[in-house]
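This report refers to the structure that appears directly beneath it.
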Amino acid sequence: MLENFSLLLVFPLLGAAINGILGRRLPARLISFVGCGSVFLSFSVAAISFLQLLQLPSEKRVVVQEVFTWLESGDFIARASFLFDPLSAVMILTVTGVSFLIHVYSVEYMKGDPGYYRYFSYLNLFVFMMSVLVLADNFLLMFIGWEGVGLCSYLLIGYYFETRIAGDAAKKAFIVNRIGDFGFLLAVFLIFTTFGTVDFLRVSELAARNFPSAEAGFGVLGIISLLLFLGATGKSAQIPLYVWLPDAMAGPTPVSALIHAATMVTAGVYMIARSSAVYSRSPDAMLVVASVGVATALVAALIAISQRDIKKVLAYSTVSQLGYMFLAVGVGAFSAGVFHLFTHAFFKALLFLGSGSVILALHHEQDMFRMGGLRKYMPFTWGTMGVATLAIAGIPPFAGFFSKDEILWKSLTGSGGYPILWIIGVFVAGLTAFYMARMMFLTFHGQERFSRKSSDETGHDSGHHEPHEPTLFIKVPLGLLALLSAAAGLLGLPAWLGDNYFEEFLHPSFVHVMSSGGHHASHALEIGLTVLIVALVIISIRIAWYFYLNNPSAKEKLAQVLSPANNVLYNKFYVDEIYNMLIIQPIHWISSRVLWRFTDDAIIDGAVNGTARMMKSFSGQARRIQDGYLRRYVTWIITGVVLVFLYILFVS
Amino acid sequence: MVTTTHYLVLGAILFAIGMAGIVVRRNMIVMFMCIELMLNAVNLTFIAFSRGFAHLDGQITVFFVMTVAAAEAAVGLAMIVLFYRHKDTVNIDQANIMKW
């Protein structure tokens, strides 16, 4: 199976085609079967290939399968070939595995939706595109996947396109991503002119050979890194391009879980890990990545504290956690970043699916201040979401603890680490615990603030108003993800506790990373800092408990005292408004006043219409020749023939 | 002695008559006959050259022209009959709606 691993791409594409073309006429049962089954087959192929990869000795764990030559022009060759190495193996397992669970979940969540087939078709197409992105063995093919997942993201955010808000959010996501993609594309061009190839493996080798020492300032590697990072900020929602992700919550909740939390948005991190050989040779670019990452983590966590919409909290939390991943790759801890990506995929997907279950039970209520006390009605959802909350907050031994702890430790001691990065990172860890606890308390504990009437819009059948647990289609994915959120962290234990299998396994993918040592520190310090962070997390949860459960009046008072700050946070630092004023309005002005009224109307239309007007007046005269009398036509013809004859006879 | 030139001149005269007829006459049937006249003037020219150069190509072409002329006569006369039924006249100037 390992040598034919790219077979796994075929199933979701086929599924998307079947559901997309025939879906309208197929029964819902068959659509679900095709949708879920195709992803399950992909996952099976990925899992078997992974197991076979494990049996190879670690230095041989790179399998390239060339399917066909895609483009060939002079020196430039781009092959449609796929790469299966530890890094892409981890990614593809995460992507197909989580995708499968979310497909199953969607069967219940989207039941009865008129666009059921369309939904599954898009979702399958997404899995295909994401697999192309992950398995591609060169930058250009990766870009195909990169654009493909962007398209699917657009289609799924705008899934409820009848509502204006969804359509706008979809367009926003698409346009903001274009800015990032522009950087990505420029980086690919620069990579080709620098290295003469776009293959990941060749680029890594050549970077290692041609650039033996790190680059000071921003040379060609630094510029490649920054341009790639611009692409990553778009796809992975980092400052300054993160604004689309919170709006993307207009899509169905399983989509938020799959695309906008677990898989697509992590593509930027994956891409940087893929280009680690280039990045590690440009410390200044790395510092930019780390700084942007940690700043994003901080800003997003601050915004998450004050949001009312449960999905918005999770969206900003995603942005914040992605910031952590960029912090990790920015300080040179590539495997730590990928590890957090891996664990985050489970617990964030779980959080979104859990919130989807709550939203479903409350008939599409998303405001946390109109929830509360749901634990009694939905113990299973409460339990699984609780596991995810503990995982993301960083309580040992749940998955998030190990990955986040490793990132924070590396941000202090890694080759690009600085104490200030660590301090902000730790502060964000506290904020994370606070806003997640706040979400749990507001949703599942305290007073019941939801309205039982909300289901009564149609006016029939009273007495079915209690929120209740969902069916097995939702429970099973929740349970499995909870299991993974709890246990996945054990793959990457910190050095003082045991072996980091995860890092060891990924190592072959990072052989060309230039290691510049980093600071050495004792295990005692690491243990001490870990205890400190865990203590901070517990205190944060305790504070959230105090304000949101124990003593809500204290919260009201505090909110009044801090109302300006609260307003700023609730309004997301007014970033959308600032962008609107600084970027969108000027562009709008230039477009309408200069480009439309002057360039388009006066110059281009003037030239085109002027030509047309000239032709019209000319032909107005010429048309009189055609008067409908056959005998005159004949005369014209004869005149023409005679003239031609005269020309031939006397002139030539 | 009748030479090739004589035939050619005769052909040219016949052709000119046909052409003039097309231009000045309004009766469709007469115009049609003028077209036939022009075709046959060309045929005569072909034959004359064929004979003059001792080459058979011209005669073969004439057979083609005659075949085409026969087909054309069938179609053209049918059109004239239809036109007459429609307009009660064969005056070509009544067929003047094909214009801008």
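The values are calculated or read from the model by the stated rules, or taken from the named source; none is laboratory data. What you see is a predicted model; the values in this text were computed from it and never measured. Note that each Cβ is placed from the backbone with ideal geometry, even for glycine, and that neighbours are counted across all protein chains shown.
Exactly one residue out of B:Val23, B:Val42 is within 14 Å of another protein chain (Cβ to nearest Cβ), within 14 Å of the chain's Cα centre (by Cα) and under 18 Å from A:Arg632 (Cα atoms): that is B:Val23.
Could you please let me know if A:Thr253 is within 30 Å of A:Asp113 (Cα to Cα) and crowded, with 24+ Cβ neighbours inside 10 Å?
Details: within 30 Å of A:Asp113 (Cα to Cα): yes; crowded, with 24+ Cβ neighbours inside 10 Å: yes.
Yes, satisfied.
Look through B:Ile17, B:Ile47 and report the one residue that is within 14 Å of another protein chain (Cβ to nearest Cβ), part of a helix (DSSP H, G or I) and in contact (Cβ under 8 Å) with a residue 12 or more places away in the chain. Being within 14 Å of another protein chain (Cβ to nearest Cβ), part of a helix (DSSP H, G or I) and in contact (Cβ under 8 Å) with a residue 12 or more places away in the chain holds for just one of B:Ile17, B:Ile47, which is B:Ile17.
Looking across the stretch A:66-118, the residues that are surrounded by fewer than 18 Cβ atoms within 10 Å (Cβ to Cβ) and under 30 Å from A:Thr193 (Cβ atoms) come down to A:Glu66, A:Val67, A:Phe68, A:Thr69, A:Trp70, A:Leu71, A:Glu72, A:Ser73, A:Gly74, A:Asp75, A:Phe76, A:Ile77.
Of everything in the stretch A:378-417 that is at pLDDT 90 or above and of a type in the set (Ser, Thr, Tyr), the residue that is farthest from A:Gly528 (Cα to Cα) is A:Thr381. Of the residues making up the stretch A:327-372, those that are in contact (Cβ under 8 Å) with a residue 60 or more places away in the chain, of a type in the set (D, E, K, R) and surrounded by fewer than 24 Cβ atoms within 10 Å (Cβ to Cβ) are A:Glu365, A:Arg370.
For the stretch B:55-62, state whether one or more residues are under 26 Å from A:Thr639 (Cα atoms) and either within 13 Å of chain A (Cβ to nearest Cβ) or assigned to a helix (DSSP H, G or I) (or both). Scanning the stretch B:55-62 turns up no residue that is under 26 Å from A:Thr639 (Cα atoms) and either within 13 Å of chain A (Cβ to nearest Cβ) or assigned to a helix (DSSP H, G or I) (or both). If you go through the stretch A:221-239 and keep only what is modelled with pLDDT of 90 or more and surrounded by fewer than 24 Cβ atoms within 10 Å (Cβ to Cβ), you end up with A:Gly222, A:Ile223, A:Leu226, A:Leu227, A:Leu230.
So that you can scan it fast, the table gives a plain yes or no per residue for (1) farther than 24 Å from A:Pro508 by Cα; (2) touching a Leu at 6+ places or on another chain (Cβ under 9 Å); (3) part of a loop (DSSP other than H, G, I, E, B):
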residue: A:Ala166; (1), (2), (3): yes, no, no
residue: A:Gly183; (1), (2), (3): yes, yes, no
residue: A:Phe218; (1), (2), (3): yes, yes, yes
residue: A:Leu230; (1), (2), (3): yes, yes, no
residue: A:Ala237; (1), (2), (3): yes, yes, yes
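Restricting attention to the stretch B:63-100, the residues that are among the aromatic types (Phe, Trp, Tyr), surrounded by 12 or more Cβ atoms within 10 Å (Cβ to Cβ) and more than 14 Å from chain A (Cβ to nearest Cβ) total 1.
Among the residues of the stretch A:202-213, is any surrounded by 15 or more Cβ atoms within 10 Å (Cβ to Cβ), of a type in the set (Ser, Thr, Tyr) and in a loop (DSSP other than H, G, I, E, B)?
Step one: of the stretch A:202-213, the residues surrounded by 15 or more Cβ atoms within 10 Å (Cβ to Cβ) are A:203-208, A:211.
Next, only the ones that are of a type in the set (Ser, Thr, Tyr) stay: A:204.
Keeping just the survivors that are in a loop (DSSP other than H, G, I, E, B) gives none.
Scanning the stretch A:202-213 turns up no residue that is surrounded by 15 or more Cβ atoms within 10 Å (Cβ to Cβ), of a type in the set (Ser, Thr, Tyr) and in a loop (DSSP other than H, G, I, E, B).
Only one residue in A:Ile603, A:Ile583 is farther than 30 Å from B:Lys99 by Cβ and surrounded by 11 or more Cβ atoms within 10 Å (Cβ to Cβ). Which one? Please lay out each step first, then the result.
On the way: A:Ile603 fails: surrounded by 11 or more Cβ atoms within 10 Å (Cβ to Cβ).
Within the list A:Ile603, A:Ile583, the selection yields A:Ile583.
From the list A:Asp181, A:Asp137, A:Asp113, which residue is modelled with pLDDT under 95, over 17 Å from the mean Cα position of the chain (by Cα) and closer than 15 Å to A:Met271 by Cβ? That would be A:Asp137, the only listed residue that is modelled with pLDDT under 95, over 17 Å from the mean Cα position of the chain (by Cα) and closer than 15 Å to A:Met271 by Cβ.
Where helices (runs of 4 or more DSSP H) fall wholly inside the stretch A:571-652, the ranges with 2 or more residues that are within 14 Å of another protein chain (Cβ to nearest Cβ) are A:605-622, A:630-646.
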